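Below: the structure, in structure tokens.
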Amino acid sequence: MKIINLLLGAALCCSLSSCFKDEPLNAECDIEQAYVHVDDPTDIFFAASDTLVNVLSDADNVVFEIKDDADVSAMAPMFRLTEGATITPENGSVHDFSDGKSVVYTVTSQDGAWQRTYNVSFRVAYNVSEYDFENIRYVDGDMGGGYYEWSDLSSSGEWIGNWATGNPGFYLTAALGTTVIPAEEFPSAPVDDGHSGRGVKLETKSTGPLGTLIGPMGIAAGNLFIGEFDASKALSGSDGAMQATSFGRTFSGEPLQFTGWYKYTSAGQCVDGNRQPIADTYDQGDIYAVLYRNQDANGNAFTLHGDDVKTSPQIVAIAQVPQVTDTDGWTEFTVDFEYRQELDRDLLANRGYNLAVVFTSSIDGASFRGAIGSTLYVDEVKVICADNQE
């Protein structure tokens, strides 16, 4: 609901001039934050900051990451809702979340006309370090059409939602178009002929008239990354859009090498956010992985975004393919993690680090620079750690 309202606002704010005698009741029905209070957070969570979960505007699952021996048989989640909304079961009511149980909450808008359901769970944190991109699902858009998303699966076959793309943002810019864009033509799309089984196709696309209207954000690079994408921030201009990407998930391994397969075709000269040519440029892709501390010096949760994913002082190690340029076919890569800081073993054991793996069809796509048509395929990727070398 919130995304629809933002989209309509972006499209109509310049044309509405009338005022209303009575402000209408709010039609939003979203959970914005979920949190729990426990006497000693470290009994259940790795860090006190883990007691709070910020919920993306397009999410329907709320997950608290917990220790493997945590007792969550009597937890009372609290929720911050959009203005005037109500929730069932009651906010702060006690439920049994043990053994992977989830509870379905229904949020009703202030005007009573809209509802959303959320699955809330407490999940034991674990590492995923091999990525085959076989698991996809189609997401129905609120305004017709839809797009694909990816996830690895837990040992019990659970969809864990660890991968994100900019597809939700591209969907919003395309929603005002005259035709529905097929999901297979979005910047991030699955292909059946990967290096082995399914793979991922990432292609830099034009965002159409709306992209330059609210921008300059005239292109959308195809991307795929471990983390989250907040589509509501993607509509807030090129500066705010940098904050739409939150990179990384908790990780307790010591990464040594980053390997996988890719193929790439550049579309040549780059354009800027207004889709104007940039002199003396030739587009290339980008493939890298980053390990970083997920709390700042004050113990607050920390996440890398588009403006600091390679430069933050929180970064401990990085592995980057030196140049992703035109290839004749599938090409294998193997790069070592280069450590900028020494690992803190206690912090590692308590999941004080996040791992981000990132792929994009245009290396400067986060700044809305790239060549429309540049295409990167990826498949069969691994992060090799000290305890799982082959």
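The values are calculated or read from the model by the stated rules, or taken from the named source; none is laboratory data. These numbers were taken from a predicted model, which means no experiment stands behind them. Ideal geometry is used to build each Cβ from the backbone, glycine not excepted, and the neighbour counts take in all protein chains shown.
In segment 140-174, how many residues are in contact with a helix residue (DSSP H, G or I) (Cβ under 9 Å, 6 or more places away or on another chain), of a type in the set (A, V, I, L, M) and buried (at least 21 other Cβ atoms within 10 Å of the Cβ)?
The qualifying residues number 2.
Go through Leu202, Leu210, Leu224 for me and flag whichever is modelled with pLDDT under 95 and either in contact with a Leu (Cβ under 8 Å, 6 or more places away or on another chain) or outside the structural domain of Thr360 (by TED's automatic domain parsing) (or both). Working first, answer last.
Values: Leu202 fails: modelled with pLDDT under 95; Leu224 fails: modelled with pLDDT under 95.
Sole residue among the options that is modelled with pLDDT under 95 and either in contact with a Leu (Cβ under 8 Å, 6 or more places away or on another chain) or outside the structural domain of Thr360 (by TED's automatic domain parsing) (or both): Leu210.
Would you check if there is a residue in segment 306-324 being charged (D, E, K, R), over 22 Å from Asp152 (Cα atoms) and part of a helix (DSSP H, G or I)? Quick ask: steps written out before the conclusion?
Our first condition is that a residue be charged (D, E, K, R); within segment 306-324, this holds for 307-308, 310.
This time we only want the ones that are over 22 Å from Asp152 (Cα atoms), so: 307-308, 310.
Filter once more, so that each one left must be part of a helix (DSSP H, G or I): none.
No: zero hits.
Looking at Ser232, Ser188, Ser236 in this structure, which one is outside the structural domain of Asp50 (by TED's automatic domain parsing) and modelled with pLDDT of 95 or more? Break it down stepwise before answering.
Working: Ser232 fails: modelled with pLDDT of 95 or more; Ser236 fails: modelled with pLDDT of 95 or more.
Matching residue, one of Ser232, Ser188, Ser236: Ser188.
Which of the residues spanning segment 195-210 are in a loop (DSSP other than H, G, I, E, B), surrounded by 15 or more Cβ atoms within 10 Å (Cβ to Cβ) and over 21 Å from the mean Cα position of the chain (by Cα)? Give the derivation first.
Start the filter on segment 195-210 by keeping residues that are in a loop (DSSP other than H, G, I, E, B), which leaves 195-198, 204, 207.
Narrowing further to those that are surrounded by 15 or more Cβ atoms within 10 Å (Cβ to Cβ): 195, 198, 204, 207.
Within segment 195-210, His195 is the sole residue that qualifies.
Could you count how many residues in segment 289-302 are crowded, with 21+ Cβ neighbours inside 10 Å and either not assigned by TED's automatic domain parsing to the domain that holds Ala356 or not in a strand (DSSP E or B) (or both)? Let's see the steps before the verdict.
So the first thing to find is which residues in segment 289-302 are crowded, with 21+ Cβ neighbours inside 10 Å, and the list is 289-292, 294.
Retained after the next criterion (residues that are either not assigned by TED's automatic domain parsing to the domain that holds Ala356 or not in a strand (DSSP E or B) (or both)): 294.
Number of matching residues: 1.
Inside segment 56-80, can you point out the residues that are over 26 Å from the mean Cα position of the chain (by Cα) and outside any loop (DSSP other than H, G, I, E, B)? Quick ask: steps written out before the conclusion?
Pass one, segment 56-80, residues over 26 Å from the mean Cα position of the chain (by Cα): 69-76.
Answer for segment 56-80, where residues must be over 26 Å from the mean Cα position of the chain (by Cα) and outside any loop (DSSP other than H, G, I, E, B): just Met75.
Checking the conditions here, which among Asp283, Asp272, Asp192 is acidic (Asp, Glu) and buried (at least 23 other Cβ atoms within 10 Å of the Cβ)?
Residue meeting the stated conditions: Asp283.
Hey, among the residues in segment 226-264 that are of a type in the set (Ser, Thr, Tyr), in contact with a Lys or Arg (Cβ under 7 Å, 6 or more places away or on another chain) and not in a helix (DSSP H, G or I), which one's farthest from Val316 (Cα to Cα)?
Thr259
Between a first residue in segment 290-309 that is over 22 Å from Thr165 (Cα atoms) and a second residue that is part of a loop (DSSP other than H, G, I, E, B), which pairs have beta carbons less than 6 Å apart while being 6 or more apart in sequence or on different chains?
Taking only residues 6 or more apart or on different chains, the pairs are Arg293/Gln314; Gln295/Phe302; Asp296/Phe302.
Just give me the residues in segment 95-105 being part of a loop (DSSP other than H, G, I, E, B), over 27 Å from the mean Cα position of the chain (by Cα) and under 27 Å from Glu28 (Cβ atoms), in sequence order. Outline the logic, then answer.
Our first condition is that a residue be part of a loop (DSSP other than H, G, I, E, B); within segment 95-105, this holds for 96-97, 101.
From what is left, the residues that are over 27 Å from the mean Cα position of the chain (by Cα) are 96.
Correct list: empty.
For segment 149-158, state whether one or more residues are in contact with a strand residue (DSSP E or B) (Cβ under 6 Å, 6 or more places away or on another chain) and not in a loop (DSSP other than H, G, I, E, B).
yes
For segment 81-89, indicate whether the set of residues that are loosely packed, with under 14 Cβ neighbours inside 10 Å and under 27 Å from the mean Cα position of the chain (by Cα) is non-empty.
Scanning segment 81-89, I find at least one residue that is loosely packed, with under 14 Cβ neighbours inside 10 Å and under 27 Å from the mean Cα position of the chain (by Cα), so the answer is yes.
Could you run through segment 127-148 and say how many residues are in a loop (DSSP other than H, G, I, E, B) and not hydroxyl-bearing (Ser, Thr, Tyr)? Spell out the reasoning first.
Restricting attention to segment 127-148, the residues satisfying the condition of being in a loop (DSSP other than H, G, I, E, B) are 127-129, 132-135, 141-145.
Narrowing the set further to residues that are not hydroxyl-bearing (Ser, Thr, Tyr) leaves 127-128, 132-135, 141-145.
The number of residues fulfilling the criteria is 11.
For segment 24-53, which positions are closer than 23 Å to Lys101 by Cβ and assigned to a strand (DSSP E or B)?
Just the residues of segment 24-53 that are closer than 23 Å to Lys101 by Cβ, to begin with: 31, 33-46, 50-53.
Once the filter is applied, which keeps residues that are closer than 23 Å to Lys101 by Cβ and assigned to a strand (DSSP E or B), segment 24-53 yields Ile31, Gln33, Ala34, Tyr35, Leu52, Val53.
Give me a count of the residues in segment 55-78 that are surrounded by fewer than 18 Cβ atoms within 10 Å (Cβ to Cβ), among the polar types (S, T, N, Q) and out of contact with any strand residue (DSSP E or B) (no Cβ under 6 Å at 6 or more places or on another chain).
Within segment 55-78, residues that are surrounded by fewer than 18 Cβ atoms within 10 Å (Cβ to Cβ), among the polar types (S, T, N, Q) and out of contact with any strand residue (DSSP E or B) (no Cβ under 6 Å at 6 or more places or on another chain) number 1.
Could you give me the residue pairs with C-beta distances under 8 Å whose first residue belongs to segment 186-200 and is under 15 Å from Tyr264 (Cα atoms), whose second residue is at pLDDT below 95 wherever it lies, and which are 6+ apart or on separate chains?
So the pair list comes out as Pro187/Phe170.
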